[in-house]
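Here's the structure we're looking at; comments come further down.
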Amino acid sequence: MIPEIKNICCIGAGYVGGPTMSVIAEKCPHIKVNVVDTNKKRIDLWNSKNLNNLPIYEPGLKSIIKKCRGKNLFFTVNTELEIKKADMIFISVNTPTKTKGLGAGQASDLKWVELCARQVAQFGTGHTIVVEKSTLPVKTAEVIKSILENSNTENTNNIKSTFHVLSNPEFLAEGSAINDLKNPDRVLIGGDNNGAIMALNSIYSYWVPKEKILHTNIWSSELAKLTANAFLAQRISSINSIAAICEVTGADISEVSRAIGSDTRIGSKFLDSGPGFGGSCFKKDILNLVYLCKYYDLHEVGRFWESVVELNSWNQNRISNLIIKKLFGTVNGKKIYIMGFAFKANTNDTRESAAIKICKDLLNEGALLYINDPKVIPAQISEVLGMNESNKKEITEKKDLENEGKWHFIKNVVDGFHDADAAVILTEWEQYGKINWEIASKLMRKPSWVFDTRSIISANDLRKYNINFWKIGDGTH
Ligand code: UDX
Ligand code: ADP
């Protein structure tokens, strides 16, 4: 029998839970979707009247919220009540890498997932399907199952509540999440109970073609998620390693990418070299894979995947070193304009952004940074850099000769060029490709430098204004 789903509860109103539930609510108007989070501030932002204040920026999200919120999509902090009512519960909480204890630096910290499972065990009534949505290490479903099965909670009629656990990993990429959710390459449902699988299948089948919904066992589903991210990250580390070779040999990475990408066995996507991959998933998922390998004594396999992450850190370092070298070996007291702080365009997420490492390196060398990003707010930058914002005067007057780096947020893109020794493009925001370099060159200090780590501007546009130019993977000049 396929259980009918009328009430969904999603635990975790973040980058995964928020957009995923919004699309389910839009596509299934007959299902009531409740998103809960312990973070009241975040829930208040999801409920804000002004849709520009939603806690996450994602193209296309605002219009769905406008259409569904208050009708069949709700954001609340009342976890207990929503778990009680739910026929299906999605777990979309955060699973950061452990910072201490066994597996620190590699294994995921499952304490939030565990807590969720305990809450579900405590408050669930009747039969509930629990769907694992967060990116989790292999065998997490087993942990959830064991917590649910071993809890002795009984509902008001003294009937023990029952659960089935499914793995339904998320493949959305931030910045294109709504489109990825509406038109997925595939949807993966891992589980061992046919009724539960078909109940989730029936939700996706409202908008996803049948042949794109794949059923697997639970471990294949969990491992497929880690593997997909590891393969994608590996492509980026590979292309970034070749970009460095291009720079010294006179080759051009965009030509190399085009050439290899036209091999249908390789394919053209995910071959853009850049400052290094960021985001909440790639590093964490590979480290989970490494931890798994070590646990099972597959040390060579572990080292292979670990090198993908190592190469990424090397690449981020390479960029900051290169900037320092080009600016005559020192950036102390020099003004550098950082263009873009998000880990990629079209998101306000800064988790693992290459900008963090690069800015910290430059600040440590005593640079004065102007930082612009169209969607990241200054408070977020302060938090991740671990350094308060300085006011503009402190930077423009350069009074402080104590070798201390400082940073200031720039609202209007053009203002950041004022008196800057260098501009560094770190995120591929569309507006950075449309800069009027004639105006910028007049504002910058001479000799001026532009470093383009995302290959979004052309050397010809800059040369005529007497700006020195470095572009990633471009060894042609
Ligand atoms: C990723 C996966 O794509 C998604 O399927 C999974 O569910 C979560 O992790 P996300 O982290 O949102 O999604 O972004 P993604 O588009 O994959 O980009 C990750 C990083 O790689 C970014 O920093 C991006 O700038 C970088 N990147 C991507 C490159 O440097 N070059 C490329 O060609 C593509
Ligand atoms: P992701 O990118 O995986 O969506 P986020 O950090 O953006 O990660 O979102 C996860 C959300 O889960 C956070 O807003 C956090 O407050 C919430 N959360 C974590 N544990 C719980 C819990 N037990 N109950 C409700 N919400 C939780």
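The values are calculated or read from the model by the stated rules, or taken from the named source; none is laboratory data. Owing to the predicted nature of the structure, the values given are computational and were not obtained by experimental measurement. As a convention, Cβ positions derive from the backbone with ideal geometry for all residues, glycine included, and neighbour counts pool all protein chains shown. When the accessible area is computed, the model is the full protein with side chains, heavy atoms only, and any ligands, DNA or RNA have been set aside. Shrake-Rupley method; radii C 1.70, N 1.55, O 1.52, S 1.80 Å.
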Segment 239-392, accessible area per residue, ligands and nucleic acids excluded (1.4 Å, Å²): 46 Å²
Report the net charge of residues surrounding ILE144, where surrounding means a beta-carbon distance below 12 angstrom and charges are Lys +1, Arg +1, Asp -1, Glu -1. -1
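Counting only protein heavy atoms and a 1.4 Å probe, tell me what percentage of segment 211-272's accessible area is made up of carbon and sulfur.
61 percent
Using a probe of 1.4 angstrom, how much of the accessible area of segment 380-477 is carbon and sulfur, in percent?
44 percent
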Interchain or sequence-distant (5+) residues whose placed amide H lies within less than 5 Å of the amide H of ALA423 are TYR337, TRP449, VAL450, PHE451
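Which FRET efficiency value, to the nearest 0.05, do you get for LYS139 and LEU214 by plugging their Cβ-Cβ distance into 1/(1 + (r/R0)^6) with R0 = 22 Å?
Details: r = 20 Å, r/R0 = 0.90.
Between LYS139 and LEU214 the formula returns 0.65.
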Mind checking the per residue accessible area of segment 90-227 for me, 1.4 Å probe, whole number of Å²? 45 Å²
What order do you get for 84-95, 427-438 when each peptide is scored by the mean count of other beta carbon atoms within 10 Å, highest first? 84-95, 427-438
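With a Förster radius of 60 Å, plug the Cβ-Cβ distance of THR330 and GLN122 into 1/(1 + (r/R0)^6) and report the FRET value to the nearest 0.05. Kindly include the intermediate steps, with their values, before the conclusion.
Numbers: r = 59 Å, r/R0 = 0.99.
FRET efficiency, THR330 to GLN122: 0.50.
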Show me, for segment 373-378, the HN-Hα J-couplings you get by feeding each phi into the Karplus relation (A = 6.51, B = -1.76, C = 1.60, θ = phi - 60°), rounded to Hz, glycine and proline as x. 8, x, 10, 8, 8, x
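Report the extension gain between LYS393 and SER458 in nm, rounded to one decimal, defined as 0.36 nm multiplied by the number of residues separating them, less their alpha carbon distance.
Working: separation 65, 0.36 × 65 = 23.40 nm, distance 3.30 nm.
Computed gain between LYS393 and SER458 is 20.1 nm.
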Can you spot the lysines whose alpha carbon is less than 21 Å from LYS464's alpha carbon? Ignore those fewer than 8 places along the same chain. LYS326, LYS434, LYS442, LYS446
To the nearest 0.05, how large is the calculated FRET efficiency for ASN412 and SER205 if R₀ is 51 Å and r is the Cβ-Cβ distance? 0.60
Point-charge dipole on Cβ atoms (K/R +1, D/E -1) for segment 324-451, about Cα centre, debye to 20: 320 debye
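For the chain, what does -39500 (n - 2.57) per DSSP helix run (n ≥ 4), summed and divided by total residues, give at 222 nm, in deg cm²/dmol to the nearest 500?
Values: 17 runs with 193 residues, N = 477.
Taken over the chain, the calculation gives -12500 deg cm²/dmol.
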Per-residue ³J(HN,Hα) for segment 342-353, Karplus 6.51 cos²θ - 1.76 cosθ + 1.60, θ = phi - 60°, Hz, x for Gly and Pro: 5, 6, 6, 6, 6, 9, 9, 7, 10, 4, 6, 4
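Please identify the trypsin sites (Lys or Arg not before Pro) of segment 206-306 that satisfy two criteria: DSSP loop assignment and at most 16 other Cβ atoms within 10 Å. Which are they?
Working: sites: LYS210, LYS212, LYS225, ARG235, ARG258, ARG265, LYS269, LYS283, LYS284, LYS294, ARG303; in loops: ARG265, LYS269.
The qualifying sites are ARG265, LYS269.
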With every protein chain kept in the model, how would you rank PHE74, PHE409 by accessible area, 1.4 Å probe, largest at the top? PHE74, PHE409
Cβ-based charge dipole, the chain, positive-most Cα from GLY274, ALA244, ILE83: ILE83
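Taking the solvent-accessible surface of protein heavy atoms with a 1.4 Å probe, what is the per residue accessible area of segment 31-78 in Å²? Walk me through the intermediate numbers first.
Numbers: 2550 Å² over 48 residues.
The answer is 53 Å² per residue.
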Going through the cross-link list LYS84/LYS344; LYS67/LYS160; LYS67/LYS212; LYS182/LYS225; LYS40/LYS133; LYS210/LYS283, which pairs have a Cα-Cα distance over 29 Å in this structure? LYS84/LYS344; LYS67/LYS160; LYS210/LYS283
Which one of GLY12, GLY124, ILE64 is farthest out on the positive end of the charge dipole of segment 1-125, using unit charges on Cβ (Lys, Arg +1; Asp, Glu -1) and the Cα centre as origin? ILE64
Within segment 69-107, what residues put their amide N at less than 14 Å from the label point 7 Å along the Cα-to-Cβ vector of LYS6? 85-88
Listed by chain and number, the residues whose amide H is under 5 Å from that of LYS471, excluding neighbours fewer than 5 places away on the same chain and using placed H, are ASP452
Hey, can you grab everything whose amide H is under 5 Å from the amide H of LEU166? Only 5+ residues off in sequence or another chain; H modelled, so Pro and N-termini drop out. VAL130, VAL131, GLU132
Note, segment 218-224: 3J(HN,Hα) by Karplus (6.51, -1.76, 1.60, θ = phi - 60°), whole Hz, Gly/Pro = x, goes 5, 6, 4, 5, 5, 5, 4
